[in-house]
Amino acid sequence: MHDRGLPFHDFPQHLDERTPDAITRRAHTRPTPHPRRRTRGCARVGAHHVDDRGTRDRGLVARRTGARRRVRPGDQARHRLRRLTRLVEDERGSAVAEFVLVSILLTTLALAVVQLALALHVRNTLLDAAAEGARYAAISGTTDVEGAERTRDLIATALGDAYGQHINVDRSDRDGVPTVAITVRATLPVVGLIGLDRGLEVTGHAAVELVE
């Protein structure tokens with residue numbers, strides 16, 4: 001075993017290690033150990049800070065390098081174009097948007113079909129009432145007023161009194177045959193039963209009955 005000072009074979013062999021001279025010589029020749037220097041800890045400023053040089057986040061080196069890189073004139077335009085491309089290609093939430101758009105379209109189409117069916121129902125009802133009133137007025141011995149009242153009663157029963165307020169009766173000859181025409185003007189339903197006043201006009205015809 002060797003000390004950090006002089007090697008062991010340099011000591012006189014005739015001196016015993018227990019003698020005072022050997023102890024004194026060993027004390028003088030043994031080097032004084034240097035005191036340990038305490039390593040000063042580097043306070044970390046955070047894993048996401050650009051000045052943190054710790055080895056736990058190796059991505060910071062590339063991040064600092066990219067931050068110091070010189071920005072060319074076309075980089076910002078390419079970066080914006082890349083972001084717009086990512087936004088366009090991103091399909092998150094597209095199912096909800098598509099469902100809302102399709103639901104609105106289908107609901108509008110269904111309501112339009114229902115409204116068209118209601119308008120056709122009102123028109124056919126008025127046309128049938130006008131034709132029935134014209135046939136009633138064409139009977140021998142029946143006046144035009146009675147034919148108009150017959151039409152008004154049918155309309156009030158099927159639709160309501162508001163649709164039978166404008167009724168006109170006219171007698172004319174068609175190809176030498178006397179006829180009775182009853183014209184009804186009523187509201188054209190656009191939203192439910194609400195719509196254009198006198199926007200719907202129908203006419204019913206009937207040949208006058210002649211008795212000799």
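The values are calculated or read from the model by the stated rules, or taken from the named source; none is laboratory data. Note that the coordinates shown come from a computational prediction; the quantities given were computed from them, not determined experimentally. Quick reminder, even Gly has a Cβ in these numbers, built from the backbone with ideal geometry, and neighbours come from all protein chains shown.
Residues that are modelled with pLDDT of 90 or more and basic (K, R) were ranked within the stretch 150-181; the one that is surrounded by the fewest Cβ atoms within 10 Å (Cβ to Cβ) is R171. Among the residues of the stretch 200-212, the ones that are more than 18 Å from Y136 (Cβ to Cβ) and at pLDDT 90 or above come to 2 in all.
Quick check: anything in the stretch 108-118 without any contact (Cβ under 8 Å) to a residue 24 or more places away in the chain and either assigned to a loop (DSSP other than H, G, I, E, B) or within 15 Å of E201 (Cα to Cα) (or both)? Checking the stretch 108-118: not a single residue is without any contact (Cβ under 8 Å) to a residue 24 or more places away in the chain and either assigned to a loop (DSSP other than H, G, I, E, B) or within 15 Å of E201 (Cα to Cα) (or both). The conditions of being polar (S, T, N, Q), free of Cβ contacts under 8 Å to residues at least 24 places away in the same chain and not in a helix (DSSP H, G or I) are met by T142.
Of R171, R152, R198, which residue is part of a helix (DSSP H, G or I) and either closer than 14 Å to D128 by Cβ or among the charged types (D, E, K, R) (or both)? Just a single option satisfies the conditions, and that option is R152. Here G147 clears all of (1) part of a helix (DSSP H, G or I); (2) touching a Ser or Thr at 6+ places or on another chain (Cβ under 9 Å) except the condition numbered (2). Just so you know, in the stretch 128-141 the residues that are touching a strand residue (DSSP E or B) at 6+ places or on another chain (Cβ under 6 Å) and either at pLDDT 95 or above or of a type in the set (G, A, S) (or both) include one that is farthest from V190 (Cα to Cα), and it is A138. Looking across the stretch 189-212 at every residue that is of a type in the set (A, V, I, L, M), under 19 Å from A119 (Cβ atoms) and surrounded by 16 or more Cβ atoms within 10 Å (Cβ to Cβ), the one that is farthest from the chain's Cα centre (by Cα) is identified as V202. Scanning the stretch 155-168 for residues being without any contact (Cβ under 8 Å) to a residue 40 or more places away in the chain and either assigned to a helix (DSSP H, G or I) or over 52 Å from the mean Cα position of the chain (by Cα) (or both) gives a total of 8.
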